[in-house]
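Student: Below are the C-alpha cells for one structure; questions will follow.
The values are calculated or read from the model by the stated rules, or taken from the named source; none is laboratory data. Computed from a predicted structure; not experimentally measured. Glycine gets a Cβ as well: all are built from the backbone with ideal geometry, and neighbour counts include every protein chain shown. Side chains included, ligands, DNA and RNA excluded: accessible areas come from the protein's heavy atoms. Shrake-Rupley method; radii C 1.70, N 1.55, O 1.52, S 1.80 Å.
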Amino acid sequence: MIELNNIKKNFGELRVLKGVDLTVHQGEVVSIIGPSGSGKSTLLRCLIGLEKLEAGEIFVEGNRVNTFQDGPQKMGMVFQGFNLFPHKTALGNVIEAPLVVNKLEKSKAIDLGEQMLDRVGLLDKRDVYPAMLSGGQQQRVAIARALAMQPDIMLFDEPTSSLDPELVGEVLAVIKELASDKITMLVVTHEMGFARSVSDRVIFMDEGKIIADAAPDKIFNLPEHERIEAFLEKIL
Ligand code: ADP
Ligand code: MG
C-alpha cells in the first residue's frame, strides 16, 4: 500500500529525514512515536506530497507520489489543531471537499456527509457551528471531513495533543473504530495506551531515522534500544 525508499528531507542546513525506509500494508495500523523534532510530522507531510524530497521515492498503491500532485487524493489527514471552517456548520465542513473537489451533486454530498457524521457519532450536531462544539467534537468532525473524501489511507498527526485530557478518549475511540474497519492508518501519537492496544506496528523515530519498527509488545516490553527506553521512561 505504502512504500518509502530511503527518503531524505532537509530544511536548509537541517537534515530532518536521514534515509527513511518504510512499508505499510493494506489495512495496517501503524503508530509513529518518538521525541519532538525527530521528523514525524515531516514524514507524514512527505507522504502526502506536501514536501519536496532531497532523495528517495514514495509509492502509494504502486504509483509514485509526485510532490504536490497525486498524493492527497488517496489520503486523508487529520492534524493536531482542528482547522475547521468557522463559518460552516459541521455538515458544511464535511461536504465542502466532496462538493468543490469531487463536484458531487449537493443532495449526494449531504447524504455522504450525514453518513460520515454518523460514523463519528455526531449526526445530531449536523447544523452546529465549530465554536459551539467541544474540542473533541471538533476533532471528530475533522475526521468525518477527511473520511468524506473516501481515502484509502488516513494519516493522523497527534490528533489528540491539543485536547483537554477528558476529551482524548472519544477521539481515540473513533480512530479505533476506523482501525477495526481496516482502513490503512498512520498515527503519530503520544498516547502509548492507544499505540499499544490499537496498532499492528509501532515505529520509533529519533533524529530523522526509524530506529525501531516492531509489534507493540516488542516495542513496549522489550525496549532494545536505550533511546526508546529513555523516551518511554520520560512519558510513561
Ligand atoms: P516532529 O513532528 O517529530 O516533532 P517535525 O517533523 O515537525 O518533528 O520537525 C523535525 C525538524 O524539522 C524540527 O527540527 C523542526 O524544527 C524542523 N522543521 C519542520 N518543518 C520545518 C520547516 N517548514 N522549515 C524549517 N524547519 C522545519
Ligand atoms: Mg509533529
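Student: Quick one: which of 140-152, 10-22 comes out on top by average Cβ neighbours within 10 Å, and what's the full order, highest first?
Tutor: Per-residue Cβ counts within 10 Å, averaged per peptide and sorted highest first, yield 140-152, 10-22.
Student: By average Cβ neighbour count within 10 Å, what is the ranking of 199-208, 33-42 from highest down?
Tutor: 199-208, 33-42
Student: Could I ask something else about it? From zero outward in steps of 10 Å, how is the percent of C-alpha pairs of the range 1-151 spread across the bins?
Tutor: For the range 1-151, the pair-distance distribution reads 11, 34, 30, 21, 4, 0.
Student: Continuing with this model, one more query. Leaving out ligands and nucleic acids, note down the accessible area per residue over the range 1-154 with a 1.4 angstrom probe, in whole Å².
Tutor: Ligands and nucleic acids excluded, the figure is 47 Å² per residue.
Student: Please list 175-185, 87-97 highest first by mean number of surrounding beta-carbon atoms within 10 Å per residue.
Tutor: The packing order, highest mean first, is 87-97, 175-185.
Student: Given a cut-off of under 8 Å on Cα pairs at least six residues apart, what relative contact order in percent is computed for the range 112-236?
Tutor: Rounded, it is 17 percent for the range 112-236.
Student: Among the lysines, which have Cα under 17 Å from the Cα of Lys52 when same-chain residues fewer than 8 positions away are ignored?
Tutor: Lys8, Lys9, Lys18, Lys40
Student: So what does log10 I(q)/I(0) come out to for the range 87-236 at q = 0.10, 0.13, 0.15 Å⁻¹, using the Debye formula with one equal point on every Cα and no solvent?
Tutor: Log10 of I(q)/I(0), two decimals: -0.42, -0.66, -0.81.
Student: Which value, in debye to the nearest 20, gives the size of the charge dipole of the range 14-161 about its Cα centre, when Lys and Arg are +1 and Asp and Glu are -1 at the Cβ?
Tutor: Dipole about the Cα centre, nearest 20: 300 debye.
Student: Which value, in Å to one decimal place, does the Kirkwood hydrodynamic radius take for the range 22-105 when every pair of different Cα atoms is included?
Tutor: With all distinct Cα pairs of the range 22-105 included, I get 15.2 Å.
Student: Relative contact order (percent) for the chain, with alpha-carbon contacts under 8 angstrom and 6 or more residues of separation?
Tutor: 27 percent
Student: Nearest 5 percent is fine: what portion of the DSSP beta bridges confined to the range 110-236 is antiparallel?
Tutor: 50 percent
Student: Quick one: if you take sqrt(5λ) for each eigenvalue of the C-alpha gyration tensor of the range 122-167, what semi-axes come out, biggest first, whole angstrom?
Tutor: Listed largest to smallest, the semi-axes of the range 122-167 are 19, 16, 7 Å.
Student: Same structure, new question: With an 8 Å cut-off on Cα pairs and a minimum separation of 6 or more residues, tell me the relative contact order of the range 90-146 in percent.
Tutor: Over the range 90-146, the number comes to 47 percent.
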